[in-house]
């Protein structure tokens, strides 16, 4: 004879429902992000980006901010020199586009940083935010020292700087070469890390065998 089932006691854990319910998304309260000192305001980042590169520096992407500033300064210098009058409209159009792009990009990067702080995106924070220390830079140090030497020669020894008007594009060429070098270095480092992970996996598989 089948005995009647008794209802579970209050202290006993209840059986799980079938089918199992998916886990609920745990949303962190806005106060957590508001109190975070690393939080970045997208509105303020966009406003600061009115000065080319400053919005990117505010969000922690310092190198990108300097790239934006150099690109805008180069375009303005090109149009002021009036080397090729036919190219000025094209340069002006690209300058306007790049300037507005910098404003949008700064606000977007501020949102990206905030999402990373909340743990919603698996991305690394900019090094300027995660490790805000003044780091040395060999190319930057050489460039600053060379610029200071030129100014010192002009102020102390009255050396003319008129030749700078003809040779300034070489700075743009050097900066482009530096960007290519850094890109190649980053790719080599990424390939080396992936290769190291593959070797480790193979070695662990061999040990299991």
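I'd like the residue in segment 83-94 that is modelled with pLDDT under 90 and out of contact with any helix residue (DSSP H, G or I) (no Cβ under 7 Å at 6 or more places or on another chain) and, out of all such residues, is surrounded by the fewest Cβ atoms within 10 Å (Cβ to Cβ).
The qualifying residue surrounded by the fewest Cβ atoms within 10 Å (Cβ to Cβ) is 86.
Could you pull out the residue among 113, 72, 43 that is surrounded by fewer than 16 Cβ atoms within 10 Å (Cβ to Cβ) and in contact (Cβ under 8 Å) with a residue 24 or more places away in the chain?
43
Would you point out which residue out of 107, 148 is surrounded by 11 or more Cβ atoms within 10 Å (Cβ to Cβ), under 27 Å from residue 75 (Cβ atoms) and modelled with pLDDT of 85 or more?
107 is the lone residue from the list that is surrounded by 11 or more Cβ atoms within 10 Å (Cβ to Cβ), under 27 Å from residue 75 (Cβ atoms) and modelled with pLDDT of 85 or more.
Exactly one of these conditions fails for residue 33: (1) surrounded by 14 or more Cβ atoms within 10 Å (Cβ to Cβ); (2) at pLDDT below 65. Give me its number.
(2)
Considering 171, 123, 142, 159, which residue is surrounded by 10 or more Cβ atoms within 10 Å (Cβ to Cβ), modelled with pLDDT of 80 or more, out of contact with any strand residue (DSSP E or B) (no Cβ under 9 Å at 6 or more places or on another chain) and not in a helix (DSSP H, G or I)?
It is 159.
State which residue is modelled with the lowest pLDDT when the search covers only segment 48-82 and only residues that are over 30 Å from residue 125 (Cα atoms) and in a helix (DSSP H, G or I).
Result: 81.
Just name the residue that is surrounded by the fewest Cβ atoms within 10 Å (Cβ to Cβ) out of those in segment 127-138 that are modelled with pLDDT under 75 and assigned to a helix (DSSP H, G or I).
130
Quick check, is residue 166 surrounded by fewer than 12 Cβ atoms within 10 Å (Cβ to Cβ) and either part of a loop (DSSP other than H, G, I, E, B) or touching a residue at least 12 places away in the same chain (Cβ under 8 Å) (or both)?
Criteria not met by residue 166.
All but one of (1) surrounded by fewer than 17 Cβ atoms within 10 Å (Cβ to Cβ); (2) more than 22 Å from residue 40 (Cβ to Cβ); (3) in contact (Cβ under 8 Å) with a residue 12 or more places away in the chain hold for residue 80; which doesn't?
The one condition residue 80 does not meet is (3).
Quick check: anything in segment 95-102 modelled with pLDDT under 90 and surrounded by 15 or more Cβ atoms within 10 Å (Cβ to Cβ)?
no
The values are calculated or read from the model by the stated rules, or taken from the named source; none is laboratory data. The structure displayed is predicted, hence computed values, not measured ones. Don't worry about glycine lacking a Cβ; one is built from the backbone with ideal geometry, like all the others, and counts go over all protein chains shown.
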